[in-house]
Amino acid sequence: MRRTLLGIMFAGLMAAAFFTAVSEAQPGSVKEIVKGVWFREGEIDAMGHCNNVIIEMKDYLVIVDANFPSGAKLALADARKVSPKPVRYVFDTHHHGDHAYGNAFWTRNGAETMGFPGVVEMMKIREPQAWQSAAKSRKDVAELKLRTAEPPKTVFSKNPHVMDDGVRRLEFHHYGWAHTKGDGFAWLPKERVLCTGDAATNGPYNYIGDAHAGNWPKVIESAMKLKPRHVLPGHGPAGGAEILEGELAFMRELNALVEAGVKAGKTPEQIAAGKLSARARNWVGAPWTGQVKDVYLEKTKGVPRGSL
Ligand SMILES: [Zn+2]
């Protein structure tokens, strides 16, 4: 093949586009992370969708997170594109609508939904109010014609819960209360792939209203002990251990900032004027004043924010 100057310039442009895309958001994209494990980046800004992970077992697929119903539909369509195997299990990393309101969609499509006990406990507290309010603003939720959220059908009685079919080993871990009481991680020990749900996101997506902010860093430290090679977050692009390191830095600094502010008698607004390190800044937002207020409530009331 003869290489023209234009051809060389085009190749250069393509390479530049590729390297930019690796770290930037690509909502709606599906990438194979390791053989038989696909990461689907959710349309967070456009449709509120979380990320999904499609895991190919010997005879079937496991999906990480039920997503909103409209996200579930897209994830199922993508699963059918990458593998002929049926979706048999769907794991709710936690109870939030963008991760669990698609449950009924999946059960109607023959899959079994599952999660840790805290997912069901939190649904009992937050529902049916959260569902009914979502149904007012979201067509996909209203269209399911349910009065309330469908909890996961299978509630794990063991931690970790292990699925091993001889071809693939998939573990589900609960390391305690971080983003929510039911936070679950999906872990592929052989491939060193960790799916974190919202206990670790990659961007300004840390909603703290259901969290235990003070315990959050401990949960991340436990997950880091697995030494993952690939980290697939609940929101934002996929990456490696740097996602856990950044999330840990953010939660540590946020806790420290609010603790010092409370001691000094500052208001949440005054505390929010404080700055975090450059390393933690990728996680600031959702919004920042809300994050500070939630941690402030936790510190001043002396109980997890999510239990208030
Ligand atoms: Zn969440």
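The values are calculated or read from the model by the stated rules, or taken from the named source; none is laboratory data. Because the structure is a prediction, the values reported are computed rather than measured. Note that we place each Cβ from the backbone using ideal geometry, even for glycine, and neighbour counts take in every protein chain shown.
Screening GLY261 against (1) under 17 Å from ASN202 (Cβ atoms); (2) touching a helix residue (DSSP H, G or I) at 6+ places or on another chain (Cβ under 7 Å); (3) at pLDDT 95 or above leaves a single unmet condition, (1).
Selection of region 30-62 for residues being among the aliphatic types (A, V, I, L, M), away from the ligand (no atom under 16 Å from the Cβ) and not in a loop (DSSP other than H, G, I, E, B) yields VAL30, ILE33, VAL34, VAL37, ALA46, ILE54, ILE55, LEU61, VAL62. Across region 209-237, the number of residues qualifying as part of a loop (DSSP other than H, G, I, E, B), surrounded by 23 or more Cβ atoms within 10 Å (Cβ to Cβ) and not acidic (Asp, Glu) comes to 5.
The helices (runs of 4 or more DSSP H) falling completely within region 97-142 that include 3 or more residues that are crowded, with 16+ Cβ neighbours inside 10 Å map to 97-100, 103-108, 117-126, 129-137. Consider region 263-286 and keep the residues that are in a helix (DSSP H, G or I) and within 25 Å of the chain's Cα centre (by Cα). The one that is surrounded by the most Cβ atoms within 10 Å (Cβ to Cβ) is TRP283. Of the residues in region 122-135, at least one is more than 20 Å from the chain's Cα centre (by Cα), more than 16 Å from the ligand (Cβ to nearest atom) and among the hydrophobic types (A, V, I, L, M, F, W, C).
Do you know which residues across region 63-92 are in contact (Cβ under 8 Å) with a residue 24 or more places away in the chain, more than 14 Å from the chain's Cα centre (by Cα) and part of a loop (DSSP other than H, G, I, E, B)? Once the filter is applied, which keeps residues that are in contact (Cβ under 8 Å) with a residue 24 or more places away in the chain, more than 14 Å from the chain's Cα centre (by Cα) and part of a loop (DSSP other than H, G, I, E, B), region 63-92 yields SER83, LYS85, PRO86.
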